[in-house]
Amino acid sequence: MATSIDVCDLNIYYGDFLAVEGVNMSIKARSVTALIGPSGCGKSTFLRSLNRMHEVIPGARVEGKVLVDGQSLYDESVDPVAVRRQIGMVFQRPNPFPTMSIYDNVVAGNRLTAKKMKKPEADAIVERSLRRANLWTEVKDRLGKPGLSLSGGQQQRLCIARAIAVEPRVLLMDEPCSALDPISTSAIEDLIHELKNDYTIVIVTHNMQQAARVSDETGFFNLKAAGQPGHLVDFNSTATMFANPDNPETEAYISGRFG
């Protein structure tokens, strides 16, 4: 099912500190939305609010609405664990579970949320997820080896396989290539292009060229001064934002005059 996300007047707090202010954004289904902006402007905080990971931090809270296909994520009746199952997260640094094999890493989420799986079912999930993450041919003969035995780029694709194994509707990616070499980065970008056929993807990146290459739409975050809340300055199609930005602040950032 195609999944859209609508963000309405979202304020994000750490205790009394307003970290991100007044975000309004509509994220289209089966598309890639990139979030760009200088360090400290709230991109990753905003990303984490989209699957309620922000509130894992003591004192963190939000005001406003995040609607997924019209349903409020922050409604009192909504289980945050169920939200995180539907809206997966891939982090900046690859984080395979260190004591688990490649095989067990992939099905870890399924085993947490399902009753005991039969081996043929688990085998099918592992192969399907690794194929979708373009990793199957590289690891199919060593599924029992530790996840940490893989290269950095392979570990990140393993983490993507683990995220999609539970059949989420949305994938959030927080600078997924920042710790990777150019060849691994290219492999992840190719994978993002393929995955958007099935998932709604939101990616935070500091790499302007990457945002231009992988995304359909781009949101530019900034803050007026240190200690001020981050805010969404501009949201537009990526082609427009990078070729002919309407907003002078956006143009200044993309052209490298600050940030």
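The values are calculated or read from the model by the stated rules, or taken from the named source; none is laboratory data. Being a predicted model, the structure only gives us computed values, none of them experimental. Heads up, the Cβs are rebuilt from the backbone with ideal geometry, glycines too, and the neighbour counts pull from every protein chain shown. Calculation scope for accessible area: heavy atoms of the full protein, side chains included, ligands and nucleic acids excluded. Shrake-Rupley method; radii C 1.70, N 1.55, O 1.52, S 1.80 Å.
List of remarks:
- Each label point was placed 7 Å from the Cα along the Cα-to-Cβ direction; for Lys224 and His193 their separation is 4.2 nm.
- Note on the stretch 205-259: Kirkwood radius taken over Cα pairs, Stokes-Einstein applied at 25 °C and 0.890 mPa s, translational D equal to 212 µm² s⁻¹.
- Whole-percent carbon and sulfur share, accessible surface of the stretch 132-172, 1.4 Å: 48
- Ser178-Asp69 FRET efficiency (beta carbon distance; Förster radius 25 Å; 0.05 resolution): 0.25
- Within the chain, percent of DSSP bridges classed antiparallel, to nearest 5: 60
- Contour excess over end-to-end distance, with Cα ends at Thr137 and Ile57 and 0.36 nm allotted per residue: 24.9 nm
- Rounded if a/c under 1.5, otherwise prolate or oblate - the stretch 117-193, Cα gyration tensor axes: oblate
- Our coupling estimate for the stretch 236-245, obtained by passing each phi through the Karplus curve with A = 6.51, B = -1.76, C = 1.60 and θ = phi - 60°, is 7, 4, 4, 4, 5, 5, 8, 9, 8, x Hz, Gly and Pro reported as x.
- Per-bin percent of Cα-Cα distances, the stretch 75-203 [5 Å]: 2, 11, 21, 25, 21, 12, 5, 2, 1, 0
- Each Lys and Arg adds +1 at its Cβ and each Asp and Glu adds -1 at its Cβ; summed about the Cα centre, the stretch 4-127 shows a dipole of about 500 debye.
- Of the residues Val139, Val68, Val90, the one that moves most in a GNM of the chain with alpha-carbon contacts below 10 Å is Val139.
- Counted over the stretch 153-259, the DSSP beta bridges are approximately 60% antiparallel.
- Surface share of carbon and sulfur [accessible, 1.4 angstrom probe, percent] for the stretch 198-259: 47
- Where labels lie 7 Å past Cα in the beta-carbon direction, separation of Asn247 and Glu76 in nm: 3.5
- Accessible area per residue for the chain is 46 Å², calculated with a 1.4 Å probe on protein heavy atoms, without ligands, DNA or RNA.
- Global geometry of the stretch 28-78, whether rounded, prolate or oblate, following the gyration tensor of its Cα atoms and the 1.5 cut on a/c: oblate
- Neighbour-limited loop hits for chymotrypsin sites (Phe, Trp or Tyr not before Pro), the stretch 205-259 (at most 10 other Cβ within 10 Å; DSSP other than H, G, I, E, B): Phe258
- Note on the chain: GNM, Cα springs under 10 Å; of Val106, Val204, Val23, the largest mean-square fluctuation is that of Val23.
- A crude spin-label estimate for the pair Thr99 and Leu18, with each label 7 Å from Cα along the Cβ direction, gives 4.5 nm.
- Span from the the stretch 20-79 Cα centroid across to the the stretch 241-258 one, whole angstrom: 24
- Carbon + sulfur, % of accessible area of the stretch 1-43 - ligands and nucleic acids excluded, 1.4 Å: 48
- Cα-centre dipole for the stretch 100-259 with unit charges at Cβ (Lys and Arg positive, Asp and Glu negative), debye to 20: 900
- Across q = 0.15 Å⁻¹, the chain modelled as identical point scatterers on its alpha-carbon atoms has Debye log10 I(q)/I(0) values of -1.09, in the order of the q list.
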